[in-house]
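The structure appears right after this line, and notes come after that.
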Amino acid sequence: MSQGAVGNDVVDLDDVSPASERTRQRFIERVCAPSERELLAQSDDPRTLLWVLFAAKEAAFKLASKLGPVPVFAHRNFIVDRAPLAGAPFSVTLPSAVRARGTVDVHGRAIHAVAWVGEGEPHREVIVGPDARAALLVHLGLEEARVVRAPRADAYDGLGPPRVEVRAQPHPVDVSLSQDGRFAAFALVPVRA
């Protein structure tokens with residue numbers, strides 16, 4: 001991927017199941033690095049912060065998958081530099097030592113995290129509904145456009161990240177799609193050759 005690449009994740013706060021204290025603690029230890037566990041311990045709203053960190057790491061993994069071989073996804077190996085507050089920029093260090101920029105937006109009960117490399121800032125949207133692909137294509141407004149995923153042997157599901165094609169030719173944007181509960185989201189950045 002040249003110059004611009006993006007990953008995103010959305011979390012429906014009303015769709016995450018409550019956990020017992022023991023289960024929640026195991027989840028925190030699996031997802032968060034020691035520095036992030038300290039942030040949670042100091043937070044006034046540790047539940048929301050946990051899901052913000054989770055979404056940031058999921059977005060970073062989607063980004064990392066575009067920058068080289070798909071990394072082993074151990075959430076705590078994607079290190080968020082500080083508590084990513086709503087609207088505030090953060091950075092995340094990928095297991096490859098690449099640092100990506102990111103933002104987190106809160107849309108009512110939805111947390112939307114975006115991580116990217118390259119110039120500028122991605123366009124991002126959250127919708128209520130199940131179809132991020134359709135929302136992305138409406139946003140692009142291109143005739144005969146479609147979102148495709150090519151086979152990729154090192155991906156968990158055998159498919160690579162989504163990409164936009166117009167009349168079977170690659171379109172010069174990098175995209176990321178996500179869905180959780182009632183919400184779908186997408187992010188895109190231009191790609192320069």
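The values are calculated or read from the model by the stated rules, or taken from the named source; none is laboratory data. Small disclaimer: the values here were computed from a predicted structure and weren't measured. Cβ: placed from backbone, ideal geometry, glycine included. Neighbour counts: every protein chain shown.
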Being part of a helix (DSSP H, G or I) and in contact with a Lys or Arg (Cβ under 8 Å, 6 or more places away or on another chain) is the filter; apply it to segment 71-85 and report the residue that is surrounded by the fewest Cβ atoms within 10 Å (Cβ to Cβ). ARG76
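Residue by residue, here is whether (1) aliphatic (A, V, I, L, M); (2) over 23 Å from ALA56 (Cβ atoms); (3) buried (at least 16 other Cβ atoms within 10 Å of the Cβ); (4) modelled with pLDDT under 95 holds:
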position	(1), (2), (3), (4)
HIS107	no, no, no, yes
VAL114	yes, no, yes, no
ASP131	no, yes, no, yes
TYR156	no, no, no, yes
LEU177	yes, no, yes, no
ALA193	yes, yes, no, yes
Residue among ARG124, ARG109, ARG167 that alone is among the basic types (Lys, Arg), in contact with an Asp or Glu (Cβ under 6 Å, 6 or more places away or on another chain) and within 15 Å of ALA55 (Cβ to Cβ): ARG109
Check on LEU142, assigned to a loop (DSSP other than H, G, I, E, B) and modelled with pLDDT of 90 or more: yes
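Could we say that ARG99 is surrounded by fewer than 18 Cβ atoms within 10 Å (Cβ to Cβ), within 17 Å of the chain's Cα centre (by Cα) and more than 20 Å from PHE73 (Cα to Cα) here? Steps first, answer last, please.
Values: surrounded by fewer than 18 Cβ atoms within 10 Å (Cβ to Cβ): yes; within 17 Å of the chain's Cα centre (by Cα): yes; more than 20 Å from PHE73 (Cα to Cα): no.
Here the answer is no, as ARG99 does not meet what is asked.
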Look at VAL52 and say whether it is in contact with a Pro (Cβ under 6 Å, 6 or more places away or on another chain), crowded, with 20+ Cβ neighbours inside 10 Å, of a type in the set (Val, Ile, Thr) and over 18 Å from PHE186 (Cβ atoms). yes
Is it fair to say ARG124 is in contact with a His (Cβ under 7 Å, 6 or more places away or on another chain), within 24 Å of VAL164 (Cα to Cα), in a strand (DSSP E or B) and of a type outside the set (A, V, I, L, M)? yes
Only one of ARG124, ARG152, ARG163 is surrounded by fewer than 19 Cβ atoms within 10 Å (Cβ to Cβ), at negative phi, among the basic types (Lys, Arg) and in contact (Cβ under 8 Å) with a residue 40 or more places away in the chain, namely ARG152
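Each row is one residue, and each column tells you yes or no for (1) at pLDDT 90 or above; (2) more than 15 Å from the chain's Cα centre (by Cα).
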position: GLN3; (1), (2): no, yes
position: ASP9; (1), (2): yes, no
position: PRO34; (1), (2): yes, yes
position: LEU50; (1), (2): yes, no
position: PHE54; (1), (2): yes, no
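Tell me, yes or no, whether segment 86-96 has at least one residue that is out of contact with any His (no Cβ under 9 Å at 6 or more places or on another chain), exposed (fewer than 15 other Cβ atoms within 10 Å of the Cβ) and among the hydroxyl-bearing types (Ser, Thr, Tyr).
Just the residues of segment 86-96 that are out of contact with any His (no Cβ under 9 Å at 6 or more places or on another chain), to begin with: 86-96.
Subset that is exposed (fewer than 15 other Cβ atoms within 10 Å of the Cβ): 86-89, 96.
When the remaining residues are screened for being among the hydroxyl-bearing types (Ser, Thr, Tyr), the result is 96.
Yes; the residues of segment 86-96 include at least one that is out of contact with any His (no Cβ under 9 Å at 6 or more places or on another chain), exposed (fewer than 15 other Cβ atoms within 10 Å of the Cβ) and among the hydroxyl-bearing types (Ser, Thr, Tyr).
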